[in-house]
Amino acid sequence: MKIIAIGKNYVNDLSEMPKEEVVPLIFTKPDSSLLENDADLELPAFSNDVWYEVELAFRIGKTCKNVSEGEALSYIDAVALANDLTAKDVLKQSREPNKGPWALAKGFDGATPISKFLPIAQFPDIRNIDFSMSVNGVETQKGNSGLMITSVEKLIAYVAGIMTLNPGDVVLTGTPSKGAGKVNSGDEMVGYLEGQKMFSTKVK
């Protein structure tokens, strides 16, 4: 399976929505980064600055290649909530001065805590899904899919025009523009989807 992720994909409100088409910022994460079943997170030894980013995750249900935006949603079979953990210090090093890849900052073991998947039929309006994150009982991030710069269907169509999406592949769709923060030992991160608790990750 592949994990396809997108960066910088949210505005605070619709008045900030770009007037012109935006090319999505795409990166990949290895399947070994997945942290499932509310397993505890062990922070990587090579970083002192790991941040959390709560995101909607969409699972591909059938082979998807060269599809239109109008067809794209029919290739999704389930929705989950994920946490796109980022080693910020490593990411900064890769960005400057050589514009290197994000793999080390985004792909370490446990870098993608993810909830169970819920059938897509439970979400009649993909453009209006609420989700949030709390850390140690305090809400830190809150978002709605309607504030995506590149919508889910546009994102699926864009990626599928470049690479084939296979059943089981997961697409992460970006984090709300505010509220991401540093992860510390002893923290508990809890994600909510439409008010339903979806994952709880305790940090060793």
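Brief remarks follow.
- Dimensions of segment 17-137 based on its C-alpha atoms, expressed as ranges along the principal axes with the largest first, amount to 42, 36, 29 Å.
- Fluctuation leader among 145, 177, 15 - the chain, Gaussian network, Cα springs under 10 angstrom: 15
- The chain, relative contact order in percent, only Cα pairs under 8 angstrom and at least six apart counted: 35 percent
- Using a Gaussian network model of the chain in which every pair of alpha carbons under 10 angstrom is joined by a spring, one finds that among 189, 133, 163 the greatest mean-square fluctuation is at 163.
- With all pairs of different C-alpha atoms in the average, the Kirkwood value for the hydrodynamic radius of the chain is 17.0 Å.
- Per residue solvent-accessible surface (Å²) - the chain, probe of 1.4 Å: 48 Å²
- A simple count of charges around residue 58, restricted to other residues whose Cβ falls under 11 Å of its Cβ and scoring Lys, Arg +1 and Asp, Glu -1, yields -3.
- Set of aspartates and glutamates near residue 92 by C-alpha distance (under 17 Å), chain-local residues within fewer than 8 positions excluded: 49, 53, 84
- With all projection directions averaged, the alpha carbon convex hull of segment 107-204 covers 7.3 nm².
- Computed over the Cα atoms of segment 65-135, the ratio of the radius of gyration to the Kirkwood radius (Rg/Rh) comes to 1.09.
- Calculated mean residue ellipticity, 222 nm, the chain: -3000 deg cm²/dmol, from DSSP H runs (n ≥ 4) at -39500 (n - 2.57) each, averaged per residue and rounded to 500.
- Annotation: the antiparallel percentage among DSSP beta bridges lying fully within the chain is about 90.
- Backbone amide hydrogens, once placed in the peptide plane, bring residue 78 within less than 5 Å of 59, 120, excluding anything fewer than 5 places away on its chain.
- Seen from residue 166, the other residues with C-beta closer than 10 Å to its C-beta sum to a net charge of +2, counting Lys and Arg as +1 and Asp and Glu as -1.
- Per-peptide packing, taken as the mean over residues of other Cβ atoms within 10 Å, places 78-91, 21-34 in the sequence 78-91, 21-34 from highest down.
- Between segment 39-70 and segment 88-148, the Cα center-to-center distance that results, in Å: 6 Å
- Restricting the trypsin sites (Lys or Arg not before Pro) of segment 47-83 to loop positions (DSSP other than H, G, I, E, B) with no more than 15 neighbouring Cβ atoms within 10 Å leaves 62, 65.
The values are calculated or read from the model by the stated rules, or taken from the named source; none is laboratory data. Nothing here was measured: the structure is a model prediction, and the numbers come from that model. Quick reminder, even Gly has a Cβ in these numbers, built from the backbone with ideal geometry, and neighbours come from all protein chains shown. SASA here: full protein model, heavy atoms, side chains in, ligands and nucleic acids out. Shrake-Rupley method; radii C 1.70, N 1.55, O 1.52, S 1.80 Å.
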